[in-house]
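In what follows, a single structure is set out as structure tokens and then discussed.
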Amino acid sequence: MAAQRRSGGRAGFTFIELLVTASVLMILASALLPLAHWDEKRRREARLRVTLEQIRTAIDQYHRYCEQGLIIQTDVEQLGYPLTLEELVEGVAVNGPNPEEQTTVKFLQHIPVDPITEEEEWGMRSYQDDWDSTSWGGENIYDVYSLSTQRALDGTYYSEW
């Protein structure tokens, strides 16, 4: 009868064993919570990188179309860049090989949400602004950045990406 316990032959855990097990599980769970937080932050940072790349690619493609003469701009201050992000979403008239052939090209399906601030607002720089300017001159959109004031995991600010 080696399988029987001292407590009248009933098998099971004592209160102390259950308390120790619960304590160990709580310690492990408290160690995992910060890891989950950092994992979520890493995911948001990855989404921010992809989103910035999408917007910047759309701006660059718009600029290439202007350089090729496919988009005719009326404002000289634009220098081949869009005036607003909405212009990339709504589309612009692009000339075809024949003057009568015009099509509308949309460079973005929608203005993406900033994964850090969770809003559709972006900081913008025009070609005439300084590279580190935090205020938009309004002439055109040369670059975009996050409006978040938080630091990334690598120590840089999201607005510097």
(request) Tell me the label-point distance for the pair Glu17, Gln54, using the 7 Å Cα-to-Cβ offset, in nm and rounded to one decimal. (result) 5.5
(message) Suppose we look only past 21 Å in the calculated P(r) of region 15-160. What percent of the Cα-Cα pairs does that tail hold?
(response) 56
(request) Pop out the ³J(HN,Hα) list for region 24-33 in order, Karplus 6.51 cos²θ - 1.76 cosθ + 1.60 with θ = phi - 60°, rounded to Hz; leave Gly and Pro as x. (result) 4, 5, 5, 5, 5, 5, 5, 6, 7, 4
(message) Given an 8 Å cut-off on Cα distances and at least 6 residues of separation, report the relative contact order of the chain as a percent.
(response) 17
(message) Helix-only estimate, please: 222 nm mean residue ellipticity of the chain, summing -39500 (n - 2.57) across DSSP H runs of length 4 or more and dividing by its residues, to the nearest 500.
(response) -13000 deg cm²/dmol
(request) Considering only Ile116, Ile72, Ile59, give the residue with the highest GNM mean-square fluctuation for the chain, with springs between Cα atoms whenever their separation is below 10 Å. (result) Ile72
(message) Can you give me the long-range amide H partners of Tyr157? Hydrogens built in the peptide plane at 1.01 Å from N, cutoff under 5 Å, separation of 5 or more residues or another chain.
(response) Ala152
(request) Please find the FRET efficiency linking Glu118 to Ala31, where r is the Cβ-Cβ separation and R0 is fixed at 30 Å, and quote it to the nearest 0.05. (result) 0.60
(request) Describe numerically, in nm with one decimal, the distance between label points set 7 Å from Cα along Cα→Cβ at Glu160 and at Gln102. (result) 4.5
(request) Return the long-range amide H neighbours of Val94 (sequence gap of 5 or more, or a different chain), with a cut-off of under 5 Å between placed amide H atoms. (result) Thr103, Thr104, Val105
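Rule-based calculations on the coordinates, nothing more; no lab input. For clarity, every value in this text was computed on a predicted model and none was experimentally measured. So basically every Cβ, Gly included, is an ideal-geometry build from the backbone, and we count neighbours across all protein chains shown.
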